1. Mind checking whether some residue in the stretch 216-231 is among the acidic types (Asp, Glu), over 25 Å from ASP127 (Cα atoms) and outside the structural domain of LEU59 (by TED's automatic domain parsing)?
2. Taking helices (runs of 4 or more DSSP H) that fall entirely within the stretch 235-281, which contain at least 2 residues that are within 20 Å of PRO204 (Cα to Cα)?
3. Just name the residue that is modelled with the highest pLDDT out of those in the stretch 223-245 that are touching a Lys or Arg at 6+ places or on another chain (Cβ under 7 Å) and aromatic (Phe, Trp, Tyr).
4. Go through the stretch 83-196 and tell me which helices (runs of 4 or more DSSP H), entirely inside it, have 2 or more residues that are closer than 23 Å to SER61 by Cα, in the same structural domain as GLU57 (by TED's automatic domain parsing) and touching a residue at least 40 places away in the same chain (Cβ under 8 Å).
5. When you go through (1) outside the structural domain of PHE53 (by TED's automatic domain parsing); (2) surrounded by 13 or more Cβ atoms within 10 Å (Cβ to Cβ); (3) modelled with pLDDT under 90 one by one for ASP248, which number turns out not to apply?
6. Which condition number in (1) closer than 23 Å to SER61 by Cα; (2) over 27 Å from the mean Cα position of the chain (by Cα); (3) not hydroxyl-bearing (Ser, Thr, Tyr) is the one that PRO236 fails?
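The values are calculated or read from the model by the stated rules, or taken from the named source; none is laboratory data. None of the values given here were measured: they were computed from a predicted structure. Don't worry about glycine lacking a Cβ; one is built from the backbone with ideal geometry, like all the others, and counts go over all protein chains shown.
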Amino acid sequence: MSNLSFEEAINNLSDDDVKVRKEAIESLVGITDEEAIEPLINATTDDNAQVRFKAAEILGSMGDLAVDKLIEEFTNAEGKDKRFLAFALKETEDKKVIPYFVEATSDEDFGVRKVAVRALGELQAEDELDSIAKCLEDEDWGVRLAAIQALGDLASDESIKLIKDARKAEEDKDFKKSCNKAIKKAQKRQKAKASGEAVVKVIPMSTIKEMEKTNPQKAIKEYERYVEAKQSKDAPYKRLCILYRKADDYDNEVRVIETAIEVFGGTKKAEYFEKRLAKLK
């Protein structure tokens, strides 16, 4: 664990020694200070890939706080410098970035195009089906694959048909397998929607638990997806309660507890949250 102060970490982001820059970027994980935005944006073009990725991840976790500045920088950047800005924008999960990603599907850099089309799927940009479909004809294999994944995220009859057409036209076996996987995912989502279930993308609990050590802010965001979907596992609710308690965030802890009681009401699982809520009042 780094003992760097905020000022030291910001200053060290421009140090000549990559080890110093790595320590600096790690110490900024979870930061929500607006003064960090500009230095972190600069760090997305660092010579070291680990620094670039972590800077983009931190910016994305800032959400509303950083999104407008990220949009400004993204629209003015060129070539490879846009790649990690694109990733940061995608991680904000703010739908206001959709028009910028639509435009970026025609960017000269294949890495930017790949992130852009993938983001359109994750952001459920259903009105931008044509922009996603266009990427199925991209010269880069990775961009075409990202388009397939994005169509799978949309999970509409139209997007599934586009995946099937792309599968039929493609000879590469790995690409066809990816098409099959995307179709299964889309069909599963369609069934969930039809039954009234919340369709939320979640990652394994074990992965999020490890994330708590390196990026607690991101971990909270991922645990919240389980709560949003009102899933029947009680572990995400418990972990959120603990993380919010550590952050002295009383309001969010109570919100999670009350949601858990609603979900698990009448079962033994609810007892833990009822006792926790009683201690808070």
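1. Yes, the stretch 216-231 contains at least one residue that is among the acidic types (Asp, Glu), over 25 Å from ASP127 (Cα atoms) and outside the structural domain of LEU59 (by TED's automatic domain parsing).
2. Correct list: 235-246, 250-264.
3. The residue in question is TYR223.
4. Fully inside the stretch 83-196 and qualifying: 83-92.
5. Status for ASP248: all satisfied but (2).
6. (2)
Let's see how each residue does on (1) of a type in the set (D, E, K, R); (2) within 18 Å of ALA55 (Cα to Cα); (3) buried (at least 21 other Cβ atoms within 10 Å of the Cβ):
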position: GLU91; (1), (2), (3): yes, yes, yes
position: VAL115; (1), (2), (3): no, yes, yes
position: ASP127; (1), (2), (3): yes, no, no
position: LEU145; (1), (2), (3): no, no, yes
position: LEU154; (1), (2), (3): no, no, yes
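Listed here are the residues, each with its yes/no results for (1) of a type outside the set (A, V, I, L, M, F, W, C); (2) modelled with pLDDT of 95 or more; (3) within 22 Å of ASP64 (Cα to Cα); (4) not in a loop (DSSP other than H, G, I, E, B).
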site	(1), (2), (3), (4)
LEU4	no, no, no, no
ASP16	yes, yes, no, no
ARG21	yes, yes, no, yes
VAL29	no, no, yes, no
THR32	yes, no, yes, no
PRO39	yes, yes, yes, yes
ASN42	yes, yes, yes, yes
